[in-house]
1. Give D230, D189, D240 a once-over and let me know the one that is of a type in the set (D, E), surrounded by 14 or more Cβ atoms within 10 Å (Cβ to Cβ) and either modelled with pLDDT of 95 or more or out of contact with any helix residue (DSSP H, G or I) (no Cβ under 6 Å at 6 or more places or on another chain) (or both).
2. Which count do you get for residues in region 52-73 that are within 14 Å of A20 (Cα to Cα) and surrounded by 20 or more Cβ atoms within 10 Å (Cβ to Cβ)?
3. Any chance region 135-158 includes a residue that's within 30 Å of G66 (Cα to Cα) and modelled with pLDDT under 95?
4. Note down all Cβ pairs under 9 Å where the first residue falls in region 180-208 and is on the phi > 0 side of the Ramachandran plot, the second is modelled with pLDDT under 90, and they're at least six residues apart or on different chains.
5. Tell me which residues, restricted to region 38-85, are on the phi > 0 side of the Ramachandran plot and within 16 Å of the chain's Cα centre (by Cα).
6. For region 179-211, enumerate the residues that are within 21 Å of L6 (Cβ to Cβ) and assigned to a loop (DSSP other than H, G, I, E, B).
7. Looking at D217, D182 in this structure, which one is surrounded by fewer than 20 Cβ atoms within 10 Å (Cβ to Cβ) and at pLDDT 90 or above?
8. Working only within region 125-150, note down all residues that are aliphatic (A, V, I, L, M) and in contact (Cβ under 8 Å) with a residue 24 or more places away in the chain.
Amino acid sequence: MSRVILQTHDLTVRFGGHVAVDHVSCAFRTGELTAIVGPNGAGKTTYFNLISGQIPSSEGRVELNGRDITRASVSDRCARGIGRAFQLTNLFPDLSVLENVRLVIQSKAKMGFSLFSMADSHRDVTDRAKAVLEKVKLFDLRDQVVSALSHGNQRKLEVAMLIALDPAVYMFDEPTAGMSVDEAPVVLDLIAELKAEKDRTILLVEHKMDVIRTLADRIIVLHNGMLAADGDPVTVMASDVVQEAYMGKELEDV
C-alpha cells in the first residue's frame, strides 16, 4: 500500500466569528489523486491555503513526511516538497516564458536567481526548461513576455512552472478555470500523466464533475468548512446526501 505523505489533523481556521475550515483531518497518499469538492464557500480553497501556508491555522496541524510543518513558511513548505500552481504565477512578469521556467529549475537546483548565472555552463537547465514548455504546448511562445500572455496560456505556464519545481505534492486549484475548450485538455492531460507516474501526491480542487470522474482516485467533500464525505468516486458521487446537500445545483446541471 502507498505511504501517507501529507496529513492534516483537526485543521481549523477562524476569521472573526466565522469558522472557515472546521477540524478537518485527512491523510493523502503517494500515487493518489484526491479531488476536493463542495459548494461555493465550503472551504475548499481555504483548506488549500492552510496546507500550502498561505494563511496560518487557528488550530490543528499539517504534517509532511511525518514532520510538523504547521508553522513553516510558504517557501519552506515549497522547498520541502509542496507545490501549488498559483504560488509561481508571474514570478517575473517582465521576463520571457522560457526565463520564468528556467529560473524555477535554477532555484530548485540551488543555483540562485541570477539570470546571468544561466550562461553556457548551464545549458542543461535551459534544455530542461524547453522540454517542460514542450509538454504544456508553450514552446512556440518561449520568447513571449509573460505579462502579455493570454489567461489560458498563463494557466498553462503555472503548470509548466509547477512541473519544473518537481514537488512531491502537487496542488491544483481549478487548473482549467478560464481556459477555452481547446486549451483545457492540455492541462488535464498533463495532470493525468503526473498521476500515471504513481510517485506523486495530487490534490485537485475542481467544479467540473466530468473532470473529477476521469481523474480522481478519491473524493473528499467539504461543507461549511467541515469534512462531509471521503471515499472512492463511485461511492461518494452516488450518495444522495452528497448530491443534494453538498453538490447542489452544480451536480444537477451535469
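The values are calculated or read from the model by the stated rules, or taken from the named source; none is laboratory data. Computed from a predicted structure; not experimentally measured. For neighbour counting, all protein chains shown are included, and Cβ atoms are generated from backbone atoms with ideal geometry for every residue, glycine included.
1. On the way: D189 fails: surrounded by 14 or more Cβ atoms within 10 Å (Cβ to Cβ); D240 fails: surrounded by 14 or more Cβ atoms within 10 Å (Cβ to Cβ).
Residue meeting the stated conditions: D230.
2. Qualifying residue count, region 52-73: 1.
3. So the first thing to find is which residues in region 135-158 are within 30 Å of G66 (Cα to Cα), and the list is 158.
Okay, now just the ones that are also modelled with pLDDT under 95, so 158.
Within region 135-158 (the criterion being within 30 Å of G66 (Cα to Cα) and modelled with pLDDT under 95), the answer is yes, since at least one residue qualifies.
4. These pairs meet every condition: K198/S2.
5. Restricting attention to region 38-85, the residues satisfying the condition of being on the phi > 0 side of the Ramachandran plot are 38, 41, 43, 53, 60, 65-66, 81.
Matches in region 38-85: G43, G53, G81.
6. Within region 179-211, E197, K198, D199, R200, E206 qualify.
7. Numbers: D182 fails: at pLDDT 90 or above.
Going through D217, D182 in turn, just one is surrounded by fewer than 20 Cβ atoms within 10 Å (Cβ to Cβ) and at pLDDT 90 or above: D217.
8. Residues satisfying the conditions are A129, V132, L133, V136, L138, L141, V145, V146, L149.
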